[in-house]
Each structure stands twice: as C-alpha cells, then as structure tokens.
Amino acid sequence: MKKANLKDYDITYGAFDWEKETAALSGLPEGKGLNIGYEAVDRHGSGSLKDVLAIRLVRKDQSYEDLTYGALKKRTAQFANVLRRLGIEEGERVFSLLGRVPELYITALGSLKYRAVYCPLFSVFGPEPIFQRLSKGEGVVLVTNVQFYLKKVRDLLGRLPALKYILLTDAAEDLDDRALSFSKLMDKASEDFTIPPTGEEDPALLHFTSGTTGMPKGAIHVHKAVYTHYITGKYVLDFQPGDVFWCTADPGWVTGTSYGIISPLVNGVTSIVDEEEFDAMRWYSILEKEKVNIWYTAPTAIRRLMRMKMVPREKFDLSALRLVLSVGEPLHAEAVAWGKEAFGVPILDNWWQTETGGIMIANYPSMKIKPGSMGRPLPGVEVGIADVDGEQLVLLDGSDAQGHLVLKKNFPSIFRAYLGEEQRYQKCFMGDWYLSGDLAKKDADGYYWFVGRADDIIKTSGHMVGPFEVESNLMKHPAVAEAAVIGKPEPSIGELVKAFVVLKEGHEGNEDLELELIGYARKVMGPAVAPKEIAFVDSLPKTKSGKILRRLLKARELGLPEGDLSTLEKN
Ligand code: ATP
Ligand code: MG
C-alpha cells in the first residue's frame, strides 16, 4: 500500500504555507507569471512526462484516443494559435458545448494557454440555457459539433451579437464564414505556442453554478486557482507518480474542469475519460481494465450503484483501486459503509462549491473517517461555523456548534466575481469571511457535518430541521433507495416535514409502508423531526450534475412557479 501524501493532517494543517507548498509549480519561464495551462500541460509536455499518458479517452465503442503530455502540449498550442488567427483577444470568452471528446480538453487547455476565459456548457442543454449563458458570458467563440449547432445554436445567432465564431469539431469544411471547421483550422496551425505573460489574477475560467437553489450564477476564477487544484490533487486525491485517475463528473460543470481536467494534469498523473454516460457494468469494467487507482464520483451515481444487488469486487478485479471519493451532495453514512464492502475501501466525502473552485473540506486517506461527515478543512483554508445576524458575523466555537458554514476568503481559488451581479457577489462576504450558503456542524474533533442549504432548512414547531439528517435516517430503512425532504407550510407548527421517497426494487408504496416509515422515523429521529407526510415517487427531480432539486419539489407541492429549470435533468 502506498503511503499517503498527507501523512499527518494536524501537522500539515498547522504548518501550511501556500507559497512553500506550491513551490513545485514553476510558473511561466523567465518569471512571466502563472498560467494554469502551463502548469497542467506545457511544464510536463516538454519535461520528463513528455511521453506519459495525460488523457486516455475511452470512446463509446471502447476504443481509445490517447494523448500524451507531449501530444497535448502540441494540440493545445495549435488551438491557441487558432484563437490568435481568429483575432480573439486576451480575456475574451471561449465556450464549449461538447460531450467528452478530445476537442473539449484541447479547447479548455488551449484557451487557458492563450489567456482566453474558458466556460464549459452541459452538452444536454437545450437552446435557452445555452443562450442565457452565452449571452451573459459574452462568448466570442463556441466549440461544438454540427448536430448541436444545427439543432440548438443556429437559431440563436441573431440574439448573440458577441459570438464571432462557432468551431465545429466534426465538420470537414466550413459551413459559412462564421461556422468553421475545427480540424481545418487546427491542421493549419503551428504546434508551437509560447504562453504570453499571465498575471495570477487574470481571469481564467467561468463556471455557472448548478442552479439547485435558483438561477445559475456565473462564477469567475483566476489563474491562481491552480494552487488549489494542485494542493487538493496532492492531499485529497493523493495523486502519486504513475497513478491512473478517473473523475466521472460531466465536463459541463466545475468538477469536470477542476478535477476532470486540471488537477490530475497539474499533478502529472493519467486521467481516464469515458465518452459514455452512466452505465454501472461499463463503469466497473473500466475500473478493472484501466487499473484505476483513484476514482472520483458523486452521490447520485453511488446511490444508483448501491441499488443494484451486487458486490462489484466479487465480479471485477478492483485491486488497483486505492481511493474512492465523492462530491456534490451529502454522502450518507450508509454509502461510506457500502463502499467498504463494494470496493474494499471506504468512500471519502468532500465538500466544495463552484465558488470555491476546488475542494475545501475533505476526508483524507490517512485520517480517521467519521461516516456521514464531510471531513476537515483543506490545509491552507480556514473554515468556521458562524451565526449571521444582519451585519454581524459571530464565529461559534463550542463543540457541536451549528450555523453558517463560512470560509476565510484568502485562499487562491475563491471566485472573484459573479458575472454581471456585483451586488450578489458582495452579499456573499462579511469582513474576511465568505458565506457559503450552507449550514453545517463542527464536532469536538474538528470534523464538519453537513446540515443543509440555508434555503432548505425547515422550521417546524420551533425546531430547525436539516433535510439531510432526515433523508439519511430514512435511507437506513431497508425499503428506501432515495429520499428528499422539504418543509410544507402548516400554520400551527410553521412547517411540516414532508418526505418524497423512491423505493428499492420489490417494495410497493402503499399506506401500510407509509405508516411503517413514519413510525420508523419517529422512533429513530423523534417526533419533532420525523416526517409527517410521505409521498412515494418513481424518481426525484435532479440537476444535470445529479443534485436533488428540493426547491422544485416544494414549488410543485405548493403549486408555485417552478423557477429556472435550465439545469433540470430530464428523466
Ligand atoms: P446553485 O448555487 O446554483 O443553487 P449549487 O449550489 O448546487 O447550485 P454547486 O456549486 O455545483 O451548485 O454545488 C455546491 C453545493 O453542493 C454546496 O454548496 C453544497 O450545498 C452541495 N455539496 C457539495 N458537496 C457536498 C458534500 N460533500 N456534502 C454536502 N453538500 C455538498
Ligand atoms: Mg450554490
């Protein structure tokens, strides 16, 4: 068993110094600044990792498209030269609307090298969400394929005056003078590109949030964020030379960029990319065949795998797997335990947001796990629990303090703006602290426990109930596969706790089961917290990044407008 990079959490946390810890990142040659594309690609592409596999893309038909660091350096240089030839300027925005294809990675990294701002879009977005984001972000270039262009983009062009070019990854010829062939441009472009001087505060990435609580916000990140990508790769994902890593996140949201692209490359390991969407058996066979050492996935996928009655390591050789990690939603204690049985290693939960650009709270391989907890703050990041009252922020320090989860805003990857929403951005900060919008608890050992999003907290009979706690407890019942809990206005008690439950195969949602579940919940949680109403549903509404949309369940329950549904996953 390899020794973890983070050997002793307390020692590393106590002594952490961003500058010293990131000394391995050399910065641009001749002191010309800091550029994510350089640290991820060029530094390795002309160094000792030149012939090492950077990205292995498993195509739908299971064939490979392999890119070494050396090849990635050349292809991204070509793309940067394409941007130059098209007259794109530094700081202008390049969008992608693509599945997991090589051109997506080339676009992202080539744009960063060029110092354009890269913004990924979910490939499953329909025309309106694409329009909203392209227009808000003033995209000048969109890289997509012919089908998406014809079906979803072409009709928007009249409303997108800033959009100069659409580069089509699968068009052999230009369609017109605006919709150009990606490959033709690339073929003509030089494989040499010297990254211009880049300031660490220069904007690099634009990421729209998942839209779980409302209209998605466009968070801007700068090149300096690469320090967080590097440190989290080293200490949380525990990247070590020769490792094979697989992040299953869709490239359309922040995890797919920070960890699906940047962090593994900065740390010089090999990334697996699967072109296909979720497919349990295919996933297990990729873990086996590619000898994946570190696997980063999400609770929504884990819940789907848990529902299948199989122990994967009995059917597949998963002996290479050293770490399994999860992000995006709370990971129930049940899932942590299931991971141990299924993979031979527990699933390590970690917490972060689009706004934080990288992992902020984590369970580390060398640290005792408390199942159900998000873990402890990343070395270099100060986290706290606070009471927020009007203009006042008071840090709470007692054991089991519960309140707003706040982060000291001085870490490198904190977002620098919500695009076009300065006031909303300013409202996220109080003094030195960033308010995450989540509520959490900190225990006596310094572990953080997710309570819920501030917007989702239920006020019932004078109690504050976090939906996560209720959902976790419901999931311990053998019939329950998934649960989502909301507060429903009820004059006598404020709000009533209502649960929407998806049952495991072989169980029927009838009145008997409803009574049984309510009884069970009252027993384990107490009557004040237990749901008073249960609805059985076939599935829960989720965002495209797999998060349960409680606000939609609530709006439907109350017959209110459904709000922005651009990120709703269609079942
Ligand atoms: P929006 O801000 O548009 O409502 P969103 O908050 O879901 O959408 P993301 O930035 O993708 O957008 O998600 C971050 C949020 O996801 C966190 O604030 C938290 O609520 C939740 N989250 C992420 N990881 C975890 C985790 N390990 N445990 C609990 N919650 C998590
Ligand atoms: Mg959010």
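Values as computed for the structure displayed
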item	result
Globularity index of the chain, i.e. its alpha-carbon radius of gyration over 2.2 N^0.38 Å	0.95
Length-normalised contact order for the chain - Cα pairs under 8 Å, 6+ apart - percent	12 percent
Net charge dipole size for the range 457-540 [Lys, Arg +1 and Asp, Glu -1 on Cβ; Debye, nearest 20]	400 debye
In the range 487-571, the GluC sites (Glu not before Pro) that fall in loop regions by DSSP, at most 10 other Cβ within 10 Å	505, 508
Qualifying chymotrypsin sites (Phe, Trp or Tyr not before Pro) for the range 1-71 [loop in DSSP, other Cβ within 10 Å: at most 16]	16
Sites matching trypsin sites (Lys or Arg not before Pro) across the range 303-395 that sit in DSSP coil, with at most 11 neighbouring C-beta atoms within 10 Å	309, 368
Most positive-pole-ward Cα, 337, 565, 235, against dipole of the chain from beta carbon charges	235
Accessible area expressed per residue, the range 1-57, with surrounding protein chains retained (probe 1.4 Å, Å²)	54 Å²
Net charge, residue 24 excluded, C-beta distance under 11 Å - Lys, Arg +1, Asp, Glu -1	+1
For the range 457-540: relative contact order, % (alpha-carbon pairs under 8 angstrom, 6 or more apart)	31 percent
For the chain, size of Cβ-based charge dipole, Lys and Arg +1, Asp and Glu -1, in debye	540 debye
Estimated dipole of the range 511-571 in Debye, rounded to 20 [Cβ of Lys and Arg +1, of Asp and Glu -1, Cα centre]	400 debye
Cα gyration tensor, the range 1-75 - rounded (a/c under 1.5), prolate or oblate	oblate
Cα centroid of the range 427-493 to Cα centroid of the range 1-80, whole Å	37 Å
Over the range 517-562, relative contact order from alpha-carbon pairs under 8 Å, at least 6 apart, %	20 percent
Which of 287, 5, 440, positive extreme of dipole for the chain (C-beta unit charges)	287
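The values are calculated or read from the model by the stated rules, or taken from the named source; none is laboratory data. What you see is a predicted model, and the numbers here were worked out from it, not measured in a lab. Because the Cβ atoms are built from the backbone with ideal geometry, glycine has one as well, and the counts that use them run over all protein chains shown. Remember, those area values only see protein heavy atoms, side chains included, never the ligands or the DNA or RNA. Shrake-Rupley method; radii C 1.70, N 1.55, O 1.52, S 1.80 Å.
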